[in-house]
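Asks: Handing you a structure now.
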């Protein structure tokens, strides 16, 4: 058999290649640069690389072919394995924006007295003399920046993957760095390592489901590429057992990454144990990338078989919303509450996936399910990264104070910070004049237009429950007596550097603007068009 040289369209892929290139440069910096110079070089290199990739994404988006109706067309590159289309570039853009926010939070050093929130020596056992010496010397892990860049590269490849093997590679590239980052907290080392181990074990288990599902779908369709799979589904080749089992097993892998019930068990433990800067970046970026991949898989590869996977998503969406909302009510830790809130938001997003996909099936003025989900992911990302950035500021003598008892009366001691956190919570609750309200309105509307009214009713009821636990935190901060319990300690707000402050300010501004003037971003999501087939 003759070898055919693959054709790689570098002009379309260069923003993603910049991210991977910067990640590799970061590894070289760790190998050859003196330890005392690594922090500045790594943080500047990562930030500059992400900004360059964001600019490149905008430029590539402007060069896409445009259809007569204004929807971006795009191209299928690298021998049909990567799709550079409007939705992929939209997802690239918001992933890069939140990754820049992640770099700013990673680089924050004022909150820990001149060092970062990452462990000085991850290999040292918690509580040992080696760990104490590393902390005394002010050591820190600057390897977190190339790890973050590799994760971002995987997040960019994941929703752009146009065949099953490329999607699996992207899944592993984005996941493996996150497993490491979750175990690198400077404080509460055992909790952080436990979170990393749980995330790794459950993630490896879900990846096994995903790759086995790929094998079964390949046995059904005889191809890895989404267009060929869709054609095989359309022609009904008769191997329904391979198709159904394969689709179910692949769904397990993707639903794990988005944090849908009953595959959500990792979420509260990982969100609580990981360094909060990692939690903020992961909460926004991973969900965006995973939903992009899920949408492409279901809409492109299995778009002709909606009657098979839609009933499954009905059940998963309702279960996810109920589990997230109910379990969030009983939490007493801020990060765990936000984790279960994230689970509930996954259910709301799955509600949007059930909507009508094609713009040609809609009346004038209506929006597609893809447009609604893209907008919701944008609003969700800004609220989550901003909320976790605020959590990093609330501290006591032991570091970050995340238990509810520590937050009593915070609104009286630090009204500005408490007010900003309350604003993020109100957006997550879907209160009008916030971005969260418009996001929920969009996904509920498209689901109703597709006849999924039972799911929408469940979503509305769970939203009402969610208002309770969000408002409970606001009441705790502003209306509960701030006297500490016997033997307890109230948290105070530590003044951050401009890095964390900028992340919070951008999150607040975006949440407010998208709630008052959502049109431009909705139009941008609509202009992205549909996935290429």
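The values are calculated or read from the model by the stated rules, or taken from the named source; none is laboratory data. Remember, it's a predicted structure, so these values are computed and weren't measured experimentally. Virtual Cβ from ideal backbone geometry, glycine too; neighbours counted across all protein chains shown.
Asks: Name the residues in segment 387-406 that are farther than 23 Å from residue 499 by Cβ and in a helix (DSSP H, G or I), would you?
Replies: 404, 405, 406, listed by residue number.
For every residue, the table says whether it meets (1) modelled with pLDDT under 95; (2) within 28 Å of residue 392 (Cβ to Cβ).
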| residue | (1), (2) |
| --- | --- |
| 239 | yes, no |
| 248 | yes, no |
| 266 | yes, yes |
| 274 | yes, yes |
| 280 | no, yes |
| 293 | no, no |
| 299 | yes, no |
| 304 | yes, no |
| 307 | yes, no |
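Asks: Ok, one more. Which of the residues belonging to segment 105-125 are surrounded by 24 or more Cβ atoms within 10 Å (Cβ to Cβ) and either in a helix (DSSP H, G or I) or touching a strand residue (DSSP E or B) at 6+ places or on another chain (Cβ under 8 Å) (or both)?
Replies: 105, 106, 119 - these are the residues of segment 105-125 that are surrounded by 24 or more Cβ atoms within 10 Å (Cβ to Cβ) and either in a helix (DSSP H, G or I) or touching a strand residue (DSSP E or B) at 6+ places or on another chain (Cβ under 8 Å) (or both).
Asks: Which one of 450, 442, 429, 405 is free of Cβ contacts under 8 Å to residues at least 60 places away in the same chain and more than 17 Å from the chain's Cα centre (by Cα)?
Replies: Result: 429 is the single residue among 450, 442, 429, 405 that is free of Cβ contacts under 8 Å to residues at least 60 places away in the same chain and more than 17 Å from the chain's Cα centre (by Cα).
Asks: Residues 61, 49: which one is in contact (Cβ under 8 Å) with a residue 12 or more places away in the chain, in a helix (DSSP H, G or I) and either touching a strand residue (DSSP E or B) at 6+ places or on another chain (Cβ under 8 Å) or surrounded by fewer than 22 Cβ atoms within 10 Å (Cβ to Cβ) (or both)?
Replies: Every option except 61 fails the conditions.
Asks: Taking the condition in contact with a strand residue (DSSP E or B) (Cβ under 9 Å, 6 or more places away or on another chain) and more than 19 Å from residue 347 (Cα to Cα), does residue 273 pass?
Replies: yes
Asks: Being within 15 Å of residue 442 (Cα to Cα), in contact with a helix residue (DSSP H, G or I) (Cβ under 7 Å, 6 or more places away or on another chain) and modelled with pLDDT of 95 or more narrows it down to one of 347, 352, so name that one.
Replies: 347
Asks: I would also like to ask the following. With respect to residue 421, determine if the residue is touching a strand residue (DSSP E or B) at 6+ places or on another chain (Cβ under 9 Å) and modelled with pLDDT of 95 or more.
Replies: yes
Asks: Among the numbered conditions (1) touching a residue at least 12 places away in the same chain (Cβ under 8 Å); (2) within 23 Å of the chain's Cα centre (by Cα), tell me where residue 214 comes up short.
Replies: Status for residue 214: all satisfied but (2).
Asks: Say whether the condition of being buried (at least 24 other Cβ atoms within 10 Å of the Cβ) and over 17 Å from the mean Cα position of the chain (by Cα) is met by at least one residue in segment 370-385.
Replies: Within segment 370-385 (the criterion being buried (at least 24 other Cβ atoms within 10 Å of the Cβ) and over 17 Å from the mean Cα position of the chain (by Cα)), the answer is yes, since at least one residue qualifies.
Asks: I need a count of the residues in segment 515-533 that are assigned to a loop (DSSP other than H, G, I, E, B) and crowded, with 19+ Cβ neighbours inside 10 Å.
Replies: Qualifying residue count for the region: 6.
Asks: Can you tell me which of 215, 170 is in a helix (DSSP H, G or I), touching a helix residue (DSSP H, G or I) at 6+ places or on another chain (Cβ under 9 Å) and crowded, with 20+ Cβ neighbours inside 10 Å?
Replies: 170
Asks: Here are the criteria: (1) within 20 Å of residue 370 (Cβ to Cβ); (2) buried (at least 23 other Cβ atoms within 10 Å of the Cβ); (3) at pLDDT 95 or above. Tell me which single one residue 85 does not satisfy.
Replies: Failed condition: (3).
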